[in-house]
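For reference, the structure is listed below as structure tokens.
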Amino acid sequence: MNRKLLRWLLPVWLAMCSTKGRAQQSSFTLDQVLSAPFNSDLVAVNAVNRLAWSVNQQGRRNIWVAEGESFTTRQLTNYNEDNGVELSDLKFTPDGNAIVFVRGEGKNSAGEYANPTSNPAGPEQFVWTVPFRGGAPEKIDAGHSPCPSAQGKIAYARDGQIYLGTVESLVGKEKPKQVVVRGKNEPIAWSPDGTRLLFVSDRDDHSFIGIYDAEGQSVKFVAASVDRDSDPVWSLDGRQIAFVRQPAVPRDTPKGYFVRPDRAEPWAIWVADTGNGEAHEVWKSRPSIESSYPYMAAETGGGVLNWAADNTLVFASEADGWQHLYSISADGDAARLLTPGDCEVEQWSFSVDRADILFNSNCGDVDRRHIWSQKVNGSGVAQELTKDSGVEWNPVYVGGASKFAYIGADSTHTGQVYVADKDGKPASVISARLPATFPAERLVVPQQVVFHSADGLEIHGQLFTPGNLKPDEKRPALIFLHGGPMRQMLLGWHYMYYYANAYAMNQYLAQRGYVVLAVNYRSGIGYGRAFREAPGRAGRGAAEYQDVVAAGKYLAARASVDATRIGLWGGSYGGYLTALGLGRNSELFAAGVDFHGVHDWPTDNWEGKNISPEMNKLAHDSSPVTAVDTWKSPVLLIHGDDDRNVIFSQTVDLVARLRARGVHVELVVFPDELHDFLLNSNWLKAYQATSDFFDRQFQMPQK
């Protein structure tokens, strides 16, 4: 060969080899990106150095613990199958020597336990206990919501009733004692001395706060009324309780969240003496929509109401348009704002003396979460404890108030358990290492993007760009739409299992060559109450669909995107918006994958009562079924038929309508599976089907 030609060919050949090597190195499988353990439910005995948390690794759910000055970590249980048996409700006994927990999912409206493996032997949901030092877990009884007491008793719920006994007697198969009370009853907490149990008794259109005296075996209701009482807490000495009261509403008040008119939902804080039962109001909300009962705190926070040190009550409110923490004296005074700023507090917990609060928020970093601390008396300013580019959540004090633990992730690493000092020393990872096959070094770092909807609303998103994208190359693009809708996708791995999986899938799709945009449309959290409760959303006009269209146009205008190959995918509420996009704008959205989406609001208005014909029509007109006549884009629909969040008939109905119009429909149906798939194997099947579907629709090369 000519030497001059060889000198010319050699660098070309080396470059080709190098490119081939990078392409091989950058690829990874769905199994690999979903292989990392998902750590959650971190709990502590914060007077000593003991921690416990649950770990879901490819469907194998177990408890892990750590203790001592160095927080030595070990696996406590050994459940080794992907069998769909949920593990939840972790609680330490007050002495820290045992953990109680629940295995199994609850019943559906037909009274059937979740059974995603279709096991002929039948599923179960049981309360269990396991010694902290180790040993075989012991089954206590069928039930959920366990509450261990300082006197060794344990209360739990089953079929709306409360049962109790001691761990030893129940494990020894003694019959549990039922606390017979009308209504649907849920144990909340034992008094500090372990002699009385606080519970809520739901009577449908009203609810009571009850106290069960375990020694006298009697029940007393506190300040019974026609109102809805909830969120009770004990004072630190057990002599008082505080609770939330929401005033009674007329029985013809619309009760469907997705279609009801926006209105103020006032609430108040009451304090009662547990001795004489006398109760009085110590604070009430303003008569404004912003001051309404904080449902977001009830769902994802650290409790709407907490009793803290120095006779102080700490509560959540959105009075200034953002979810924050406030404090008042239990004797009643003006509320003090503890966590100011145009940002939101999401999760919180307290030190053992109840004088300090740990919380996470997006203050100063709107598309992430960081850990902060504050005094319950509001002295000084809140201290930011984590300041990196990661995402941190589930903070708990451990070993007093000088150390704290949390779960933290970043853009390329899933959530791991950390222990840190409040003095600013580097945090230490104590959870198990990521699997060697996990492709952390091959993941992309999503970029924050901001664009505007047609009505001028600022919309945030996270853009995943393929690492091998060439200049002037146009790729197909996918828009991911979260569910909820009270959710927010972040610039890193998510703190909820469903959305951690979705984040992994977005990484996988980017690796497959797609430009991926996760959109935080209006109705989600993180950007204030006005954004979350935007007018005309959901069944009141589908206002958030404007944000989906804006995302599509944003991608179409990017030089790297082929505007003829833009797809949608999402689950639940995200499935609703996916279907709406495919039906209303097939010219913009060429294909989509709809996981268990809502397709007709009136037929899935679970709480729908007293809805006017006008509101029902508006809800129907805001639904994908009304866009079937203009629906041309192919769709893959994925649903489990024991879904307790979005009824399976939503998909049955839509498929029938689309087939009649000749629309290309593909299906993945999981018999006996739930909304948030319990089987890891089903997540893999669903995501592989999603990837294969888009690859075929957009003519992507197979790998």
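The values are calculated or read from the model by the stated rules, or taken from the named source; none is laboratory data. Every value quoted in this text rests on a predicted model; they were computed, and no experiment measured them. Note: ideal-geometry Cβ built from the backbone for every residue, glycine included; neighbour counts use all protein chains shown.
Considering each residue of the range 323-341, count those that are more than 19 Å from Gln383 (Cβ to Cβ) and not in a strand (DSSP E or B), and give that number.
Within the range 323-341, residues that are more than 19 Å from Gln383 (Cβ to Cβ) and not in a strand (DSSP E or B) number 7.
Quick check on my filter: what residues within the range 207-266 are under 19 Å from Ile162 (Cβ atoms), surrounded by fewer than 14 Cβ atoms within 10 Å (Cβ to Cβ) and of a type outside the set (Gly, Ala, Ser)?
Result: Glu215, Gln217.
Every residue in the range 68-88 that is closer than 23 Å to Arg158 by Cα, surrounded by 20 or more Cβ atoms within 10 Å (Cβ to Cβ) and out of contact with any Lys or Arg (no Cβ under 8 Å at 6 or more places or on another chain), please.
Gly84, the sole residue that qualifies.
Right, Tyr508: without any contact (Cβ under 8 Å) to a residue 60 or more places away in the chain, crowded, with 19+ Cβ neighbours inside 10 Å, not in a loop (DSSP other than H, G, I, E, B) and not acidic (Asp, Glu) or not? Outline the logic, then answer.
Working: without any contact (Cβ under 8 Å) to a residue 60 or more places away in the chain: no; crowded, with 19+ Cβ neighbours inside 10 Å: yes; not in a loop (DSSP other than H, G, I, E, B): yes; not acidic (Asp, Glu): yes.
No, not satisfied.
Filter the strands (runs of 3 or more DSSP E) completely within the range 24-87 down to those with at least 2 residues that are under 22 Å from the mean Cα position of the chain (by Cα) and farther than 13 Å from Ile99 by Cα.
38-45, 50-57, 60-67
Answer with yes or no whether Leu636 is of a type outside the set (Asp, Glu) and more than 21 Å from Gly581 (Cβ to Cβ).
Here the answer is no, as Leu636 does not meet what is asked.
Can you tell me which residue among Leu305, Leu337, Leu313 is surrounded by fewer than 17 Cβ atoms within 10 Å (Cβ to Cβ), at pLDDT 95 or above and among the hydrophobic types (A, V, I, L, M, F, W, C)? Walk me through how you get there before you give the answer.
On the way: Leu305 fails: surrounded by fewer than 17 Cβ atoms within 10 Å (Cβ to Cβ); Leu313 fails: surrounded by fewer than 17 Cβ atoms within 10 Å (Cβ to Cβ).
After applying the criteria, what remains is Leu337.
I'm trying to understand the selection: among the residues of the range 278-335, which are of a type in the set (Lys, Arg) and in contact with a Phe, Trp or Tyr (Cβ under 9 Å, 6 or more places away or on another chain)?
Lys284
If you go through the range 598-612 one residue at a time, do you hit one that is closer than 30 Å to Gln57 by Cβ, at pLDDT 95 or above and buried (at least 18 other Cβ atoms within 10 Å of the Cβ)?
no
So, in the range 603-658, exactly how many residues are charged (D, E, K, R) and within 16 Å of Val593 (Cα to Cα)?
1
Give the range 175-196 a look and list any residue that's part of a loop (DSSP other than H, G, I, E, B), within 24 Å of Arg228 (Cα to Cα) and of a type outside the set (A, V, I, L, M), or say none.
Start the filter on the range 175-196 by keeping residues that are part of a loop (DSSP other than H, G, I, E, B), which leaves 175-176, 180-183, 191-195.
Still in the list and also within 24 Å of Arg228 (Cα to Cα): 180-183, 191.
Correct list: Arg182, Gly183, Ser191.
Report the residue count in the range 47-89 for those that are within 23 Å of Ser351 (Cα to Cα), at pLDDT 95 or above and aromatic (Phe, Trp, Tyr).
Qualifying residue count for the region: 2.
For the range 606-650, give me each residue that is among the hydrophobic types (A, V, I, L, M, F, W, C), touching a Pro at 6+ places or on another chain (Cβ under 6 Å) and within 22 Å of Val665 (Cβ to Cβ). Steps first, answer last, please.
Within the range 606-650, the first condition is being among the hydrophobic types (A, V, I, L, M, F, W, C), and the residues that meet it are 606, 611, 615, 618-619, 625, 627-628, 631, 635-638, 646-648.
Applying the additional criterion that residues be touching a Pro at 6+ places or on another chain (Cβ under 6 Å) yields 611, 619.
Result: no residue meets the conditions.
Please enumerate the residues belonging to the range 630-659 that are in a helix (DSSP H, G or I) and among the hydroxyl-bearing types (Ser, Thr, Tyr).
Thr630, Ser649, Thr651
For the range 505-512, does any single residue satisfy the condition of being closer than 30 Å to Thr73 by Cβ and among the aromatic types (Phe, Trp, Tyr)?
Within the range 505-512, one or more residues are closer than 30 Å to Thr73 by Cβ and among the aromatic types (Phe, Trp, Tyr).
Starting from the range 59-80, keep only residues that are over 21 Å from Thr129 (Cα atoms), then list their pairs with residues that are assigned to a loop (DSSP other than H, G, I, E, B) and among the polar types (S, T, N, Q) whose Cβ atoms are within a distance under 6 Å, requiring at least 6 positions of separation or different chains.
Here the result reads Gly68/Asn49, each pair linking the range 59-80 to a residue that is assigned to a loop (DSSP other than H, G, I, E, B) and among the polar types (S, T, N, Q).
Scan the range 661-675 and tell me whether some residue there is among the aromatic types (Phe, Trp, Tyr) and in contact with an Asp or Glu (Cβ under 6 Å, 6 or more places away or on another chain).
No, the range 661-675 has no match at all.
So which residues in the range 573-588 are part of a loop (DSSP other than H, G, I, E, B) and either buried (at least 24 other Cβ atoms within 10 Å of the Cβ) or among the β-branched types (Val, Ile, Thr) (or both)?
none
What pairs can you find where one residue is in the range 455-468 and modelled with pLDDT of 95 or more and aliphatic (A, V, I, L, M), the other is crowded, with 19+ Cβ neighbours inside 10 Å and in a loop (DSSP other than H, G, I, E, B), and their Cβ atoms are less than 7 Å apart, with a gap of 6+ or different chains?
Every condition considered, the pairs that remain are Leu457/Arg522; Ile459/Ser453; Ile459/Tyr521; Leu463/Pro446.
Could you say whether any residue in the range 559-572 is assigned to a helix (DSSP H, G or I), among the hydroxyl-bearing types (Ser, Thr, Tyr) and closer than 22 Å to Ala619 by Cβ?
no
Test each condition in (1) surrounded by fewer than 21 Cβ atoms within 10 Å (Cβ to Cβ); (2) not in a loop (DSSP other than H, G, I, E, B) for Phe199 and report the one that comes out false.
(1)
If you check Ala477, Ala427, Ala432, which single one turns out to be modelled with pLDDT under 95 and buried (at least 18 other Cβ atoms within 10 Å of the Cβ)?
Ala427
For the list (1) touching a strand residue (DSSP E or B) at 6+ places or on another chain (Cβ under 9 Å); (2) aliphatic (A, V, I, L, M); (3) surrounded by fewer than 23 Cβ atoms within 10 Å (Cβ to Cβ), I need the number of the one condition that Ala409 fails.
Unmet condition: (3).
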